[in-house]
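Laboratory data are not the source of any read-out in this text; all were calculated from the coordinates shown. The shown structure was predicted, so the numbers you read here are calculated from the model rather than taken from an experiment. A quick note on method: Cβ atoms are made from the backbone with ideal geometry, for glycine too, and the neighbour counts reach across all protein chains shown.
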Amino acid sequence: MSAPSSRRGLLIILSSPSGAGKTTLTRRLRDWDDTIRFSVSATTRAPRPGEVDGSDYHFLTEAAFKSQVADGQMLEHAHVFGNFYGSPRGPVEAAIEDGRDVLFDVDWQGAQQIKNSALGKHVLSIFFLPPSIAELRRRLVSRGQDGPETIAKRMLKSWDEISHWDGYDYVLVNDDLDATEAKLKSIVTAERLRRSQQPGLTDHVRKLQSEFEEQS
């Protein structure tokens with residue numbers, strides 16, 4: 001599937017507590033439309049072995065990062081473990097003007113910053129909820145990656161994320177993965193047809209008006 005150039009792209013924000021299925025649903029969304037790309041974040045941390053500037057991250061000095069924030073060139077940013085991370089505006093703006101959707105993997109705070117940015121009118125934000133807390137815990141335990149203490153911390157963080165569910169455009173309860181995937185695709189398809197995402201509509205209506213006046 002290719003993104004039509006007659007529309008603007010979307011800034012698609014997908015969020016959920018850990019264990020609610022976001023990673024799987026994100027992968028399925030990109031399998032459905034391989035033109036959807038992740039936003040490449042900027043960071044002030046040093047590159048790790050094998051990381052490529054502009055592909056894995058945009059690596060910036062702290063001074064350059066803060067300058068871009070001050071100039072409004074970061075859609076969202078945060079300070080995490082001594083380093084700054086953020087989403088550069090320029091590449092995202094170019095992508096959506098070219099009709100390509102951009103995915104963001106951010107928490108509720110990052111989502112709010114992007115929605116309040118200069119590109120906020122192109123944002124589509126979706127939050128995935130688990131069917132129950134017991135099921136959420138079961139999914140975390142079944143991974144077999146964490147001990148009881150770590151799982152308890154993840155559960156606390158998950159509830160903090162869930163408490164901000166009402167800040168999103170759409171909220172899906174992921175009680176059936178295939179059904180949730182179908183709903184996700186329907187939402188993206190519909191949002192691509194929003195009037196604000198179709199810049200050519202005004203010219204088309206003017207053309208219709210001209211044709212109408214010629215026949216009157």
Quiz item: Name the pairs: first residue in segment 201-214 and closer than 21 Å to SER6 by Cα, second residue surrounded by fewer than 10 Cβ atoms within 10 Å (Cβ to Cβ), Cβ to Cβ under 6 Å, at least 6 apart or on different chains?
Solution: none
Self-check item: Test result for SER196, part of a helix (DSSP H, G or I), touching a residue at least 60 places away in the same chain (Cβ under 8 Å), exposed (fewer than 12 other Cβ atoms within 10 Å of the Cβ) and not charged (D, E, K, R)
Solution: yes
Practice problem: Evaluate segment 39-59: report whether one residue or more is in contact with a Lys or Arg (Cβ under 7 Å, 6 or more places away or on another chain), among the β-branched types (Val, Ile, Thr) and touching a residue at least 40 places away in the same chain (Cβ under 8 Å). | Solution: no
Practice problem: Kindly indicate whether GLN113 is closer than 30 Å to ALA70 by Cα, surrounded by 12 or more Cβ atoms within 10 Å (Cβ to Cβ) and out of contact with any strand residue (DSSP E or B) (no Cβ under 8 Å at 6 or more places or on another chain). | Solution: no
Practice problem: Give segment 90-107 a look and list any residue that's free of Cβ contacts under 8 Å to residues at least 40 places away in the same chain and surrounded by 17 or more Cβ atoms within 10 Å (Cβ to Cβ), or say none. | Solution: GLU93
Quiz prompt | Flag if LEU136 is part of a helix (DSSP H, G or I), touching a residue at least 12 places away in the same chain (Cβ under 8 Å) and of a type outside the set (Gly, Ala, Ser) | solution = yes
